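The values are calculated or read from the model by the stated rules, or taken from the named source; none is laboratory data. The structure presented is a predicted model; accordingly, all values stated were derived computationally and were not measured. Here the Cβ positions follow ideal geometry from the backbone for every residue, glycine too, while neighbour counts run over all protein chains shown. Surface areas here come from the heavy atoms of the whole protein model, side chains and all, with no ligands, DNA or RNA. Shrake-Rupley method; radii C 1.70, N 1.55, O 1.52, S 1.80 Å.
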Amino acid sequence: MPATTEPLRRLPVQGRSAARVQRIVDTCGVLIDEIGYDRLSATMIAHRAGVTIGSLHQFFPDKRAVAQALALRAVDAYARQLQDRFARDGLTHWWDGVGAGIDEYIVLYRAVPGIRIVHRDDVVVGARAPDADPGDGDAIAAQLTRALTARFAVADPGRLHVALDVAVAVCAALVRFAFRRQPGGDERVLTEAKEFVQACLRHHLSLAESAAAAPSARNEGRRR
């Protein structure tokens, strides 16, 4: 069956069906960690999850749809964790929020089986959060942009989103590198990743804020 941009064929309406879907998605993550995505099949997922292949296909057309569901569930968890972090911590500037966002991204990598492989475009192509705008790009960047814009006085949210799209791609590569070096993530590389991304964003957006402030300063000078 062809891959789909909508992971679930239909929503489970009964508690038992919902539990079965969650078990299928959980099993997919575990198997991806064990054997990789390319060797995975829907039949393997069904067998390990203790369901029939027909039962799996009631909700998912193929293995990619299950992987997409795993990715979207992780993004939803990331958004909740980020909101909790912002509410709990006394963050004073948007780049502190970026640091918190990177921390929670690393937590996601450590806590969710399969996510290290699943959060790649060639696996979850077409997957996005249910309420995402078609122009959102990377779902993690979209969630982080929303959180930062809601919490801080960001001069140009659109520019922040573009910058975060790039930063998340760079950060994801560095995080994957850290986890290749050590199973739990090489702390030295993770620290460097955070500092590198924060420095790039600080430079990029500070220039944007300076450029935005310049016309106001010139207008003020003319009025005087």
* **Residues of segment 188-217 that turn out to be at pLDDT 65 or above, farther than 18 Å from Glu104 by Cα, open to solvent by less than 70 Å² (accessible area, probe 1.4 Å) and not aliphatic (A, V, I, L, M), as a count** => 1
* For segment 63-95, which residues satisfy the criterion of being touching a Gly at 6+ places or on another chain (Cβ under 8 Å), over 20 Å from Met44 (Cβ atoms) and in a helix (DSSP H, G or I)? -> Leu82, Phe86
* Give the residue, chosen from Asp62, Asp84, Asp96, Asp89, that is touching a helix residue (DSSP H, G or I) at 6+ places or on another chain (Cβ under 8 Å) and over 23 Å from Ser17 (Cα atoms). => Asp89
* **Single match in Thr43, Thr27, Thr52 (criterion: over 21 Å from Pro113 (Cα atoms) and either open to solvent by 80 Å² or more (accessible area, probe 1.4 Å) or among the β-branched types (Val, Ile, Thr) (or both))** => Thr52
* **Long-range neighbours under 7 Å by Cβ, at least six apart or interchain, first residue more than 9 Å from Thr27 (Cβ to Cβ) within segment 42-61, second surrounded by fewer than 20 Cβ atoms within 10 Å (Cβ to Cβ) and of a type in the set (Asp, Glu)** => Ala42/Asp62
* To do: Only residues that are within 16 Å of Val107 (Cβ to Cβ), aliphatic (A, V, I, L, M) and over 12 Å from the mean Cα position of the chain (by Cα): list them for segment 160-183, please.
  => Leu174, Val175, Ala178
